[in-house]
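First the structure, in the form of structure tokens, and then the observations on it.
Since every read-out is calculated from the coordinates, none of them should be taken as a lab result. Keep in mind the model is a prediction, meaning the values are calculated, not measured. Neighbour counts run over all protein chains shown; Cβ positions are idealised from the backbone, glycine included.
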Amino acid sequence: MHPSTTHLVNLRNLFRAEGIDAYLVPSTDPHLNEYVPATWQRRRWLSGFTGSVGDLVVLTDRAALWVDGRYFLQAESELAGSGIDLMRQGEPGVPTLAAYLNQHLGQGAAVGIDPRLLSRERYRTLATEIEPRRILSLDNNLVDAVWKDRPPRPAGGLTPRKPDLCGARPAARLETLRTSMAERDCALFVTSNLAEIAWLLEARGTDVDYNPLALSYLAVGRSVLHLFVDGTSPQALATHLGNGLVLHRYDEVSTVLPALIQELTAETPPRIWLDQTSASVWLFGLLDGAGLILDESPLRRSKACKTPRELEGMRACHLRDGLAMVRFLHWFHHLPDKALPRERELAAAIDAERAKEPGFRGLSFNTIAGVDTNSAVIHYGTDRGTNAPLANGSVLLLDSGGQYDTGTTDITRTLCRGQASPAVRRAYTLVLKGLIAISKQRFPQGIEGIRLDALARQHLWNQGFDYSHGTGHGVGAALCVHENPPGISPRSDRGMPLLPGMITSLEPGYYQEGAFGIRLENLAELVLSDPTAPATSFLRFEELTLCPFEFSLLELALLEPAEVTWLNAYHHRVRTELAPHLSHELAAWLAEHCAALDIPG
């Protein structure tokens, strides 16, 4: 029997006492994180679906899970036998979550939620979409009531970064924030966004897997700084941040924040700045009586546009990451035929190579090592209980990355053991053509990522293919591997411009269910196309990732001269930057795999 069967029965037994007809279980936590500490992985525990994103709704007689295209195959497998219907979000004929509730619930029915887990913006949208049905905010999370062996909440605290690693002084960032606050006559800026807090304070934590974050809330006044976090040394933070720091326990936010508002309202109703897209309904409830500024957080774009020191750190960690990748690739291509590894061994091998590099702090996400049919599962993971063997002719999709003291990496390469089929080589070449097309494109500063997305898809589209994930996501500097902005996809935020100093992935792909998958990914910095021009307004991508592509998977006849020129230039740079740090044997291997190709015509 699927484990979720019992979990769902126990959850439904609570509906009557709470006066609800349905219960929404999103993937998020009180900070609306993508990567969620184990204590808050309620949707995963309840449904058995291990993907990072998905919304579960449970009714008295049915349940359904919505996932995007990255997780269609994974969710289909993991939900089998659970009694939970899979909703392939965005596919023709698939209802939205709101439409599903309207279809299966009568008028006046109540949908229970944990107000800590929905942003104010999403709450209001859902409430409007399901009227005359209503949303009922519950004081306690119902999943917690039936999850008996739930892990404890982590409390590792915040640790100041070393001064030579900081992208900027915290005092300077706080001054900039307070200037923005003053322009809006704002008395208090409040955020629950863990990456914003870590960036603003130049401090890091260990509470969230793969992300150097600490569970915390922050309220910035005109001269005082209220930080709600457990496990932190007051003396170390006070030295790091200077005067004005008031440290509270994490749970005290529910009492201290309303008290702060009460103090501020003694003279005049204060204006409080809180981004409604990234703060929960519950957090807004603590600000009752205050005038609200609902604008986008001023930290969001500032964090996305890296400082010169942050960019220097990102380049440094990508060089180290490239060395780890070369060692792995050399090992992979010299494996003996008689003892080929399985997926978990392959993932462990690249993880071990990264761990050898100085400044390595951990993985930036769980390594994806998918062999053959598993490579077609976009966010495949061996933690699902599978462990396919590598064989001659096998395709390996390897998506991996690291957290270093100076930055964050994310790279995907698709490899083949032995001779690849013509279908694999053709797909690989079409994906590479898409990566080259977007990588060498110049574009006006300030345009939105959605306008670049088709560049990476064009060669696949011309053959009737596509991929169901975005082309690019932002990446933090020694922060989260997924950062927004920027974004390059058909669903990228409108009004969110691409600006110099941003870092994005470029990762087109091809996935043939039941056969194989191809994805190629570099990280790139957005730089001025011609920095010597007096008034330049165009940008280009400059690759951070340093790792060769697979010559054995190329159909050279499909490449245009300009594409070969780009590939040769990229491989020349990879060799030039990495070879001086490699042994003679590895440098010779790299030279062979970065050799210039003849330009056709």
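Shown here for the stretch 471-578: trypsin sites (Lys or Arg not before Pro) in loop regions (DSSP other than H, G, I, E, B) with at most 11 other Cβ atoms within 10 Å, namely R494.
Relative to the Cα centre, what is the charge dipole magnitude of the chain, using +1 at the beta carbon of each Lys and Arg, -1 at the beta carbon of each Asp and Glu, and rounding to the nearest 20 debye?
180
A simple count of charges around Y71, restricted to other residues whose Cβ falls under 11 Å of its Cβ and scoring Lys, Arg +1 and Asp, Glu -1, yields -1.
Across the alpha-carbon set of the stretch 1-87, the Rg to Rh ratio works out to 0.95, Rh being the Kirkwood radius.
A simple charge model with +1 on the Cβ of Lys and Arg, -1 on the Cβ of Asp and Glu and nothing else charged puts the dipole of the stretch 301-406 at about 360 debye relative to its Cα centre. The Cα atoms of the stretch 159-302 give a gyration tensor whose axes a ≥ b ≥ c have a/c of 1.5 or more with a/b greater than b/c, which makes the shape prolate. Candidate values [x] 165; [y] 191; [z] 431 were compared with volume of the Cα convex hull per residue in Å³ computed on the shown model; the agreeing label is [x].
Exposure proxy shown here: for K338, K356, the number of other Cβ atoms within 10 Å sets the order, fewest to most, as K338, K356. The fraction of all Cα pairs in the stretch 3-146 landing in successive 5 Å bins from 0 to the largest distance is 2, 10, 21, 24, 24, 15, 5, 0, given as whole percents.
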